[in-house]
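Engineer: Pasting in a structure now, in structure tokens, and then I'll have a few things to ask.
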Amino acid sequence: GIFLNSWRQVVADEEVQRFSDLRIRKEEHLFLKALKSIEPRLERFEILSPKGVSMIYGYLGGYEEPVPLPLLGDGARRVASLVLSIGAARDGVVLVDEIENGIHHSIMHSLWEVIAQAAALFNTQIFATTHSHECVEAAHYAFKPMKGYPFRLHRLDRMNGVVKVVTYDQESLEGALAIPLEVR
């Protein structure tokens, strides 16, 4: 399994290795698709070492020079880290703290669609925390059309000093979001 902190900076060597593994298995298309939701001009990625340090670079339409992944912004770095971690944790789990950090609300639905596709492709289970109602709603609608609705929301409630888990399946979450009830 892999744990992604909400505050942790991407470690370039880990990301390069994970991207290399995806390229070797010819599965980097999902990585490109995920990042295109943030930067539509992206055409492809490559690992380059212009100053002796390997880094993932993206090629943008209209630009001659490749751009280092970190210069594409915090959202791109966050999505890249998520997708690469899901691919690296094949048949395992990825734990993500505050998944919405660095992600603009306008692409939250796209992010969850990519997470759902990556999780299915790599048979990886995702456990993510959030404080964002928009994030929960986006996840619900991204997973809603999928067979078997492979999404569950677990909320921790403190009742009389005891923490209890309240689980929402598709029907209960849909009802709670329609009211709207607080589900975070």
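Engineer: Would you mention how many residues in the stretch 99-128 are open to solvent by 70 Å² or more (accessible area, probe 1.4 Å), assigned to a loop (DSSP other than H, G, I, E, B) and either of a type in the set (Asp, Glu) or modelled with pLDDT of 90 or more (or both)?
Structural biologist: Of the residues in that region, 1 qualify.
Engineer: Pairs needed: first member in the stretch 50-77, at positive phi; second member anywhere, open to solvent by 50 Å² or more (accessible area, probe 1.4 Å) and assigned to a loop (DSSP other than H, G, I, E, B); C-beta distance under 7 Å; at least 6 residues apart or different chains.
Structural biologist: Between residues of the stretch 50-77 that are at positive phi and residues that are open to solvent by 50 Å² or more (accessible area, probe 1.4 Å) and assigned to a loop (DSSP other than H, G, I, E, B), the close pairs are Gly62/Arg41.
Engineer: Okay, moving on. Of (1) more than 23 Å from Glu27 (Cβ to Cβ); (2) open to solvent by less than 40 Å² (accessible area, probe 1.4 Å); (3) without any contact (Cβ under 8 Å) to a residue 40 or more places away in the chain; (4) within 14 Å of the chain's Cα centre (by Cα), Phe143 satisfies all except one. Which?
Structural biologist: (1)
Engineer: Just give me the residues in the stretch 146-163 being open to solvent by 70 Å² or more (accessible area, probe 1.4 Å) and under 15 Å from Trp112 (Cβ atoms), in sequence order.
Structural biologist: Residues satisfying the conditions are Pro150, Arg152.
Engineer: When you go through Gly73, Gly62 one by one, which is the residue that is farther than 26 Å from Gln125 by Cα, surrounded by fewer than 16 Cβ atoms within 10 Å (Cβ to Cβ) and in contact with an Asp or Glu (Cβ under 9 Å, 6 or more places away or on another chain)?
Structural biologist: On the way: Gly62 fails: in contact with an Asp or Glu (Cβ under 9 Å, 6 or more places away or on another chain).
From the options Gly73, Gly62, the qualifying one is Gly73.
Engineer: Check off (1) more than 25 Å from Thr130 (Cα to Cα); (2) surrounded by 15 or more Cβ atoms within 10 Å (Cβ to Cβ) for Leu30 and give me the number that stays unchecked.
Structural biologist: Among (1) more than 25 Å from Thr130 (Cα to Cα); (2) surrounded by 15 or more Cβ atoms within 10 Å (Cβ to Cβ), the lone unmet condition for Leu30 is (1).
Engineer: Just name the residue that is modelled with the lowest pLDDT out of those in the stretch 164-184 that are aliphatic (A, V, I, L, M) and open to solvent by 80 Å² or more (accessible area, probe 1.4 Å). So that I can check it myself, show each step before the final result.
Structural biologist: Within the stretch 164-184, the first condition is being aliphatic (A, V, I, L, M), and the residues that meet it are 165-166, 173, 176-179, 181, 183.
Subsequent filtering for residues that are open to solvent by 80 Å² or more (accessible area, probe 1.4 Å) retains 165, 178-179, 181.
On the way: Val165: 94, Ala178: 89, Ile179: 88, Leu181: 72.
Once the filter is applied, the top-ranked residue is Leu181.
Engineer: Right, here's the next one. For residues in the stretch 25-81 being of a type in the set (A, V, I, L, M) and assigned to a loop (DSSP other than H, G, I, E, B), which is farthest from the chain's Cα centre (by Cα)?
Structural biologist: At the first step, the residues of the stretch 25-81 found to be of a type in the set (A, V, I, L, M) are 30, 32, 34-35, 38, 42, 47-48, 53, 55-56, 60, 67, 69, 71-72, 76, 79-80.
Still in the running and assigned to a loop (DSSP other than H, G, I, E, B): 38, 53.
Working: Ile38: 12, Val53: 26 Å.
Applying the filter and picking the extreme gives Val53.
The values are calculated or read from the model by the stated rules, or taken from the named source; none is laboratory data. Everything quoted here is computed from the prediction, not taken from an experiment. So basically every Cβ, Gly included, is an ideal-geometry build from the backbone, and we count neighbours across all protein chains shown. The area values use the complete protein model at the heavy-atom level, side chains included, leaving out ligands, DNA and RNA. Shrake-Rupley method; radii C 1.70, N 1.55, O 1.52, S 1.80 Å.
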